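Novice: The structure is given below, and queries will be raised subsequently.
The values are calculated or read from the model by the stated rules, or taken from the named source; none is laboratory data. Note that the structure is predicted; figures quoted are calculated from it, not measured. Positions of Cβ are backbone-derived with ideal geometry, glycine not excepted, and every protein chain shown enters the neighbour counts. Just so you know, the surface numbers come from the protein's heavy atoms only, side chains and all, with ligands and any DNA or RNA stripped out. Shrake-Rupley method; radii C 1.70, N 1.55, O 1.52, S 1.80 Å.
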Amino acid sequence: MADLQREEGSTLLQAERQGEAYFAESTNPESVKGRFYIESYGCQMNFSDSEIVASILHEANYQSTRKEEEADLILLNTCSIREKAEETIRRRLRQFQTLKAQKPHLQVGILGCMAERLKTRLLEEERLVDLVAGPDAYRDLPRLLGLVDEGEKGINVFLSREETYADISPLRLDANGVTAFISIMRGCDNMCSFCVVPFTRGRERSRDPYTILAEAADLYQRGFREVTLLGQNVDSYAWVHPENTETVHFAGLLERVALIAPDLRVRFSTSHPKDITDEVLHTMAAHPNICRYIHLPVQSGNSEVLERMNRTYDSDWYKERVEAIRRILPECAISSDIITGFCGETEEAHHDTLEMMQFARYSMSYMFAYSERPGTLAARKYKDDVPEETKKRRLNEVIRLQNQLSYAHNQADIGKVFEVLVEGDSKRDSNSFKGRNTQNKMIVFPKLDGFRPGDYVSVRVESATSATLKGVII
Ligand code: SF4
């Protein structure tokens with residue numbers, strides 16, 4: 001917790017204590033409704049949503065706890081992207097049965113994409129579950145908890161076309177006081193055939209940019225030095241003023257956040273190859289504090305497979321976007337998402353994916369074997385015909401290649417000097433700091449007096465593995 005002890009009275013520390021103290025002050029123990037414990041799974045969007053949930057519950061006189069055994073209310077903010085993600089949640093619910101036996105008044109709620117996908121089925125299948133709330137229903141949590149207090153079950157899985165929680169300031173859970181996520185939009189209008197997100201998070205809606213700027217400026221004032229703008233597809237961000245007097249697209253939003261302060265780093269995730277524009281790339285080039293890193297999921301390197309995935313671009317289009325990034329931002333690192341063994345994927349198509357990885361020279365990737373999701377376009381239209389062992393073999397080949405690419409990418413950094421934002425202590429060595437360079441690469445380096453989390457330091461890279469760079473402050 002080195003960074004929190006940074007200096008007495010610093011806003012982050014204050015806020016943290018204030019949060020706790022706030023409750024102590026504003027809420028006499030009698031009015032505290034209970035302690036909640038929240039666990040988040042899946043994408044950054046879910047972790048960001050958990051901070052919205054925490055803020056709503058605090059407003060309703062619940063206090064947060066980091067210990068499940070202290071909780072009166074346990075919330076699991078779930079992911080539904082693959083079968084395995086849902087199995088993890090069902091296993092976790094088994095583990096809470098012991099706690100429930102010890103604390104009969106314990107309440108358990110399921111939030112997020114699994115709640116939205118399964119709806120009332122979750123209440124039927126999981127007797128332990130008292131409450132089910134989808135990603136657009138978090139404002140309703142206090143009312144749903146009221147129903148549970150009266151012995152009923154609470155459920156709200158309504159998907160909204162407006163909800164962005166723009167007026168709710170997230171309560172930073174597990175904050176390191178240096179980096180934070182800001183959700184800029186919700187939902188997704190793409191209909192990738194393998195994906196459940198459009199069904200679990202609904203249609204796309206962009207958040208009022210002035211609330212985003214206010215949140216970023218507040219974080220900067222509180223000592224944070226990096227914000228990541230979050231959305232399923234940030235490139236399709238498009239906010240129109242209710243009186244049609246103004247329209248803000250992603251490039252415009254990005255520039256406005258970057259202009260808050262030159263030492264506020266700006267990152268964003270996730271981009272979509274069909275929507276990422278040269279305007280966004282030129283905006284990045286014009287502002288050194290917009291990090292030289294783009295997460296650009298390709299999913300497959302084969303155009304026929306991309307067609308069946310309904311990704312709305314082909315491999316040539318993707319390669320042209322990669323070349324545009326290289327032309328406009330030569331030092332920019334690119335990472336990706338890759339699915340192996342999608343319906344109808346041939347060995348040749350698999351090799352197109354390996355070839356695409358070598359073409360793009362990804363610095364890292366998230367790689368998975370195809371997991372058919374009920375209700376998706378692919379589940380309805382295509383046979384999940386690639387045998388599991390073939391999916392796994394192809395996944396291992398993709399992972400092996402990515403490790404080679406990451407290793408080569410990092411080895412090429414040896415001897416280079418990077419500006420690094422200190423994020424905190426290295427996980428493995430408390431005498432070392434960890435932080436990332438503009439390419440989103442983690443660097444570990446020995447501490448030097450006078451430096452602390454939130455500072456920018458110049459680090460020369462001395463050695464590298466496929467996952468981490470090691471260096472010294474110069
Ligand atoms: S862009 Fe495609 S993969 Fe990503 S969230 Fe939207 S539908 Fe899912």
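Novice: Can you work out the accessible area per residue across the chain, with the rest of the protein chains kept in place, probe 1.4 Å, in square angstrom? Don't jump to the answer; show the numbers that get you there.
Specialist: Details: 20720 Å² over 474 residues.
Accessible surface, normalised per residue, equals 44 Å².
Novice: When the helices in the chain are scored as -39500 (n - 2.57) per DSSP H run of 4 or longer and the sum is shared across all residues, what 222 nm value do you end up with, to the nearest 500 deg cm²/dmol?
Specialist: The per-residue figure over the chain is -11000 deg cm²/dmol.
Novice: Taking only pairs that are 8 or more places apart or on different chains, how many Lys pairs in segment 316-442 have Cα atoms under 22 angstrom apart?
Specialist: 6
Novice: If you rank D149, D136, D425 by how much accessible surface each has, with a 1.4 Å probe, what is the order from largest down?
Specialist: Descending order: D149, D425, D136.
Novice: Oh, and also: Rounded, prolate or oblate: pick one for segment 17-156, where a ≥ b ≥ c are the square roots of the eigenvalues of its C-alpha gyration tensor, a/c under 1.5 means rounded, and failing that, prolate if a/b is larger than b/c, else oblate.
Specialist: prolate
Novice: Right, something else. At what distance in angstrom do the alpha carbon centres of segment 37-95 and segment 227-277 lie from each other?
Specialist: Using only Cα atoms, the two centres lie 28 Å from each other.
Novice: Note down the net charge around V398, summing +1 for each Lys or Arg and -1 for each Asp or Glu among other residues with Cβ under 14 Å from its Cβ.
Specialist: Working: positive: K391, K392, R393, R394, R400; negative: D337, E345, E347, D352, E355, E397.
Every neighbour counted, the sum reads -1.
Novice: While we're on this one: Would you mind calculating the gained length between A408 and D278 on full extension (0.36 nm times residue separation, minus the Cα-Cα distance), in nm to one decimal?
Specialist: Fully extending the segment from A408 to D278 adds 44.0 nm.
Novice: Determine the relative contact order of segment 417-473: mean sequence separation of Cα pairs under 8 Å and six or more apart, normalised by residue count, in whole percent.
Specialist: Across segment 417-473, relative contact order equals 35 percent.
Novice: Take R400 and E347, extend 7 Å from each Cα along the Cα→Cβ direction, and tell me the distance between the two endpoints in nm.
Specialist: Inter-label distance under the simple model: 1.4 nm.
Novice: While we're here: Using Cα-Cα distances under 8 Å and only pairs 6 or more residues apart, what relative contact order does the chain have, in percent?
Specialist: Averaging sequence separation for qualifying contacts and normalising by length gives 10 percent for the chain.
Novice: Output the lone cysteines of the chain: those with no second cysteine's C-beta under 4.7 Å from their C-beta.
Specialist: Cys with no partner Cβ under 4.7 Å: C43, C79, C113, C188, C291, C332, C343.
Novice: Percent of accessible area on segment 162-306 owned by carbon and sulfur, 1.4 Å probe?
Specialist: Accessible surface attributable to carbon and sulfur in segment 162-306 totals 52 percent.
Novice: At most 16 other Cβ atoms within 10 Å plus a DSSP loop assignment makes a site exposed; report the longest stretch of the chain without any exposed GluC sites (Glu not before Pro).
Specialist: The longest uninterrupted stretch comes out as 9-149.
Novice: Hey, another quick one. Kindly provide the trypsin sites (Lys or Arg not before Pro) of segment 397-474 that DSSP labels as loop, not H, G, I, E or B, and whose Cβ sees at most 14 other Cβ atoms within 10 Å.
Specialist: K416, K427, R428
Novice: Provide R393, R143 ordered by accessible surface of protein heavy atoms (probe 1.4 Å), highest first.
Specialist: Largest to smallest exposure gives the sequence R143, R393.
Novice: With the full set of protein chains in place, find how many percent of the accessible area of segment 17-156 is carbon and sulfur; take the probe as 1.4 Å.
Specialist: Working: 3170 of 6300 Å².
Of all accessible area on segment 17-156, carbon and sulfur atoms account for 50 percent.
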